[in-house]
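Okay, structure first, notes after.
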Ligand code: GLC
């Protein structure tokens with residue numbers, strides 16, 4: 001439809017029909033298998049008469065149900081305006097790949113794009129039109145369970161991975177029925193709640209918001225995301241959906257976002273709970289004034305927008321602008337021409353969980369895994385005769401992660417299954433040994449586990465957190481391995497030192513004590529459906545681990561929030577003083593300052609040697625470029641991939657600058673004994689920061705560029721910006 005056609009359609013709509021476009025309901029509440037909308041409407045205080053006008057739905061079972069709901073709707077909608085079907089397709093749809101925090105650690109945006117495109121194809125086959133992805137909430141606090149859903153602690157990596165997801169989901173044209181629309185969330189700074197507790201207050205300076213937290217959202221919008229989700233949290237005292245500075249001045253004003261804004265679930269009515277709205281009518285007024293177009297799953301709009309407009313508190317123009325943005329998104333998706341976008345059960349069956357999709361999921365799991373420690377136990381020998389697979393994740397299917405809505409765990413591959421398939425001639429002994437739940441210290445399964453360990457050539461010890469310990473509403477006040485797992489690890493490793501720990505989880509844990517005893521640790525995060533096969537290929541060395549950490553692992557929860565791009569402090573300690581306490585310095589009496597494993601860290605079976613870092617000039621001008629070349633040598637007989645990272649430090653500026661900031665990276669493959677040089681082009685804009693007046697600036701002076709990984713910068717050179 002043309003713009004004129006959409007405006008003509010708008011002019012034909014009754015007020016109720018307009019409000020309907022701004023409503024969204026969770027079909028799980030309102031529909032039975034026949035798609036009859038029969039849910040507990042009174043819970044929402046909603047007049048049944050409004051239901052026929054509902055403009056979009058959240059969640060549904062499959063293509064059959066989507067078609068039934070859409071058909072039922074179109075039969076009763078006077079103007080035949082198709083519904084939008086939205087869902088959280090976060091890291092896969094029916095084929096589940098690793099959680100976003102893991103994928104971010106692949107440092108491979110092309111892989112992330114491919115995974116998002118695969119998820120889009122499967123979701124579109126079922127009738128999904130919009131996914132609530134990418135989540136690009138920067139987070140430096142492992143206590144917050146939703147770190148699993150984002151890109152980690154670094155603004156650049158988070159932005160790069162967010163953009164890759166938008167491009168993968170959307171492709172070049174939203175009319176392509178293998179693509180779906182992205183929705184960037186949660187705007188804004190939802191990942192920085194005080195106390196690391198979900199849905200809690202966020203207090204950040206405008207300067208820091210603009211410099212560190214906003215860029216990833218803006219990058220995704222500039223990459224073409226047509227929808228933004230307003231977050232639950234207060235930002236400097238005002239919840240996003242009522243935050244005029246955030247939604248009108250920044251999002252719609254400065255950034256010129258003209259797409260659809262949707263509230264997070266119930267966030268409009270939660271304005272009353274926050275105490276910034278007197279009642280739902282007040283909440284509806286504030287949210288509409290802040291450009292919130294669709295109210296997700298609450299009924300303030302449905303119940304009060306008409307009277308607010310009749311009273312002149314809101315204007316028809318405000319309502320019309322919101323409705324038009326929703327109609328334009330439906331049009332961009334081609335819904336007026338084809339309300340079903342080709343979704344069908346047949347297409348679902350042809351597309352979902354195909355061998356090609358499983359192969360991509362496996363590759364993603366392999367590329368995202370991070371080898372945290374290896375004293376030589378890995379890779380395992382091909383000739384191993386007996387392998388003991390021990391621990392709560394030994395035979396667990398809980399490998400998909402917290403946001404795998406349509407993923408079926410029964411279609412996954414466990415670690416034991418993966419090893420048995422990879423080592424058909426070996427004896428695989430499996431012993432769960434204990435629980436992975438907090439508070440469950442039962443050790444009755446230890447005896448069988450230790451017997452298996454004694455009788456094995458090698459032990460694969462599978463530990464971690466259950467998937468529902470991370471994700472939404474899953475904050476932790478500690479970061480320990482739950483239950484008796486650490487005790488189990490000590491016992492098993494004592495009995496058989498040829499033990500490799502394989503870790504599963506959605507957040508950085510405090511692994512200091514495990515690190516002290518484990519000969520090897522491979523972190524798989526939640527690897528998705530192909531987890532067991534990926535573990536086997538990595539443990540046997542078919543694949544060489546190449547993932548890095550997108551988020552620091554603290555030594556102890558007391559260090560949270562923690563990130564590598566910290567400021568210097570006026571009383572710093574040196575890295576060499578990490579294990580000593582110095583009075584009147586910025587350190588702890590009972591812990592070091594540095595993480596156990598830093599951002600950008602990850603080992604390989606290869607031995608990568610950073611031989612040189614050179615600059616083609618020592619002075620950079622505002623309109624010039626400077627080329628930094630890093631040479632890496634693979635001093636091993638094993639093919640491997642290395643993430644060459646480039647960090648910058650602004651030595652003197654009007655605002656204290658981080659001791660290191662990632663400004664570029666490149667994942668390269670190196671054959672045995674191959675030497676490669678990677679060149680990075682540094683421009684003035686990469687050196688910018690937000691100054692005391694909230695202006696994005698760069699300032700002349702001395703800079704350092706380094707390579708290596710956070711807190712382990714191996715080679716450093718200086719240049720000056722004129
Ligand atoms: C949830 C989440 C949000 C998700 C939405 C719909 O509360 O905060 O990320 O997209 O509801 O499921």
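Each reported figure results from applying straightforward, stated rules to the coordinates on display, with no laboratory input. Please read all numbers here as calculations on a predicted model, not as lab measurements. Here Cβ is always computed from backbone atoms with ideal geometry, including for glycine, and neighbour counts include all displayed protein chains.
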Calculated from DSSP helices alone, with each H run of at least 4 adding -39500 (n - 2.57) and the total divided by the residues of the chain, [θ]222 nm to the nearest 500 comes to -8000 deg cm²/dmol
Residue span residue 576 to residue 16: 0.36 nm per residue of separation minus Cα-Cα distance leaves a gain in nm of 194.8 nm
Spatial extent of the range 379-504: Rg and Dmax, with the Cα atoms as the point set, Å: 14.8, 45
Spin-label model distance (nm) - residue 585 vs residue 638, 7 Å beyond Cα toward Cβ: 3.6 nm
Could you sort the peptides 105-111, 349-355 by per-residue average Cβ neighbour count (10 Å cutoff), highest mean leading? 105-111, 349-355
Euclidean distance of C-alpha centroids, the range 469-491 and the range 154-176, integer Å: 32 Å
If one takes the longest principal axis of the Cα atoms in the chain, at what angle in degrees, from 0 to 90 and to the nearest 10, does the Cα axis of helix 63-76 lie? 20 degrees
Given 582-592, 180-190, 288-298, 649-659, the highest-first ranking by average Cβ count within 10 Å works out to 180-190, 288-298, 649-659, 582-592
Taking R0 as 45 Å and r as the Cβ-Cβ distance between residue 722 and residue 669, the FRET efficiency 1/(1 + (r/R0)^6), rounded to the nearest 0.05, comes to 0.75
Length gain on complete extension for the stretch residue 702 to residue 74, per 0.36 nm per residue less the alpha carbon to alpha carbon distance? 219.7 nm
Between residue 8 and residue 176, how high is the FRET efficiency from 1/(1 + (r/R0)^6) when r is the Cβ-Cβ distance and R₀ = 25 Å? Nearest 0.05. 0.40
Give the distance, in whole Å, between the Cα centre of the range 190-248 and the Cα centre of the range 56-107. 25 Å
Expressed in angstrom and rounded, the centroid-to-centroid distance over alpha carbons for the range 513-581 and the range 322-396 is 23 Å
For 551, 328, order by how many other beta-carbon atoms lie within 10 Å, fewest first: 328, 551
Specify the angular offset, from 0 to 90 degrees and rounded to the nearest 10, of the alpha carbon long axis of helix 355-368 from the longest principal axis of the alpha carbons in the chain. 60 degrees
Report D for the range 267-329 in µm² per second (integer): Stokes-Einstein, Kirkwood Rh on Cα pairs, 20 °C, 1.002 mPa s. 184 µm²/s
Show me 300-311, 192-203 ranked by packing, highest mean number of other Cβ atoms within 10 Å first. 300-311, 192-203
Rounded to 10°, Cα long-axis angle of helix 280-289 versus longest principal axis of the chain: 80 degrees
For the pair residue 478 and residue 427, what calculated FRET efficiency results from E = 1/(1 + (r/R0)^6), where r is the Cβ-Cβ distance and R0 = 30 Å, to the nearest 0.05? 0.20
Per-selection Rg to Rh, the chain - Cα, Kirkwood hydrodynamic radius: 0.98
